[in-house]
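A quick write-up on the structure given underneath.
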Amino acid sequence: MDYDVAAASLASPPASAPVASYRPSVAVQNLGIHAASVTGTLRIYDRDAGTLLFTMALTPTAVPVGTTRNALADQLWEPVAGDIGKAFLFIATVVYPEDQYLPNNNLGPVTVIVTAAPPPPPPPVEPHAAQHEEGGADEISLEGLTGKAAESQTPDEHASQHESGGADELSVTDLTGLLATPQTPTTHASSHESGGSDPISGIEPSAHKTSHQNGGDDELSVAGLSGLLADAQNPLAHVSTHKLGGTDKASSFLVDGAHDWFFSLHEECPLEEYTTLGEITLTSPAATVNPAGILVCGHVLVGIPDSAGFENGFIRAAIGGAVNNYTSEFGMKSLDSWQYISVPIIAWFPSPGAAASYAISLKFYPDGTVPLNAQIQSLHALIIM
């Protein structure tokens, strides 16, 4: 609805109200699409006696679209000690002159029970930091506490924790420097072999080519090596590198072509209807691969055989039933018979899908009902892999 507000809830006092002073208020929600200004009435009853105790006006309150605002009463409600344990009913009605739906303008009854006042807060603690410092009456121990002290601490003796088998054993792996005690080296014969990090010269290896061949215990990898192997190799799958945008893009394929077609259109061409000028069939070089696209280009000669005049027309390329968004638009207004205009055709069909062949056609749409002639001067298509 355009204009609608609702009394959502009793915002104050709470359902359990300690003895204190309250300004009753009602939460009002704007459900319409226009800002609202509301007023209203709030009544307080003794629930057990059923008697009306107070009638208060809700002060004018602005409620923006999609928000909730509290409409305040114009008086205070101040329960006393004698009211502790009593139950009171709060009933409110919100007034919005433009409101188109009134049932949700009423709130209540909401029960509020008066309770004893909450205990007073504890007295503030006097400054006493000195009691918790070293030598104070209530000295603090940091034993077992987490966190980091503000000042650096001198650690207790704990070298044994970092020794072999200690609770915090050190590892010298990858550390630099020289240990005081000589160490027993780990197995490292390969470092002294040819090509190792610490090769020993003057030692000729025995014949061992089989260890480097396929299946050997030290099989060679030719990855990253330059040069040409003696035997022809089977390449890995890499068709994507030859596609448009690939690292080894292949040349385009001129699949098929046609030219010098003549089609005479002597019948009236109604609006919203395409007339096919001609069609060629392309054979795909890879029927299971989706090409990057098909490029269609050519020229069409369009002529008007009388002096009736012709304003605009369109020629579009199509693959099957899908007409390309690119439109070759032409226009002419002839006062003499047999005036012609050459219309260029350039159309791009990205990712047409894998197929053994594609039917490429030109479709002609005249803007009017003037009979025309159309001659395809050239029509070519290229599959881009």
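Each label point was placed 7 Å from the Cα along the Cα-to-Cβ direction; for Val110 and Ile346 their separation is 7.1 nm. Computed from backbone phi, the HN-Hα couplings of region 46-63 come to 6, 5, 6, 7, x, 9, 7, 9, 9, 10, 10, 8, 8, 5, x, 9, 7, 10 Hz, rounded to whole numbers (Karplus: 6.51 cos²θ - 1.76 cosθ + 1.60, θ = phi - 60°; Gly and Pro given as x).
Suppose R0 equals 56 Å; then what is the FRET efficiency for Ala87 and Glu151 from their Cβ-Cβ distance, rounded to the nearest 0.05? Intermediate results must be reported in sequence, preceding the final value.
Working: r = 61 Å, r/R0 = 1.08.
So, using R0 = 56 Å, E works out to roughly 0.40.
Length gained on full extension, His34 to Leu175: 43.4 nm, using 0.36 nm per residue less the C-alpha separation.
What FRET efficiency, computed as 1/(1 + (r/R0)^6) with R0 = 22 Å and r the Cβ-Cβ distance, is obtained for Met1 and Asp74, rounded to the nearest 0.05? Don't skip to the end; give the middle numbers.
Working: r = 29 Å, r/R0 = 1.31.
Efficiency at R0 = 22 Å is approximately 0.15.
What ranking, highest mean first, results for peptides 189-196, 68-75 when packing means the other Cβ atoms within 10 Å averaged over each residue?
On the way: 189-196: 11.1, 68-75: 18.4.
Highest-to-lowest ranking by the protection proxy: 68-75, 189-196.
Overall shape: prolate for region 150-206, with the ratio a/c of the largest to smallest alpha carbon gyration tensor axis at 1.5 or above and a/b above b/c. Phi angles of region 356-363 translate, via the Karplus equation with coefficients 6.51, -1.76, 1.60 and θ = phi - 60°, into HN-Hα couplings of 6, 7, 9, 9, 9, 9, 10, 10 Hz per residue; Gly and Pro are given as x.
Taking amide H as placed 1.01 Å from N in the peptide plane, the amide H of Phe54 sits under 5 Å from that of Ile44, each at least 5 places away or on another chain.
Across region 220-233, rounded Karplus estimates of 3J(HN,Hα) from the backbone phi angles (6.51 cos²θ - 1.76 cosθ + 1.60, θ = phi - 60°) give 7, 10, 8, 4, x, 7, 9, x, 10, 5, 5, 9, 5, 10 Hz, Gly and Pro being marked x. Remark: spin-label model distance Ala287-Gln183 equals 6.8 nm, labels positioned 7 Å along the Cα→Cβ axis. Taking 0.36 nm per residue of sequence separation and removing the Cα-Cα distance, the Ser206/Cys297 pair yields an extension gain of 25.9 nm.
Quickly rank 4-11, 224-231 as a protection proxy: mean count of other C-beta atoms within 10 Å, highest first.
On the way: 4-11: 20.5, 224-231: 5.8.
The most tightly packed comes first, giving 4-11, 224-231.
Throughout, read-outs are computed from the coordinates displayed, never taken from laboratory work. Quick caveat: nothing in here was measured; it's all calculated off a predicted structure. Cβ atoms come from the backbone with ideal geometry, glycine included; neighbour counts cover every protein chain shown.
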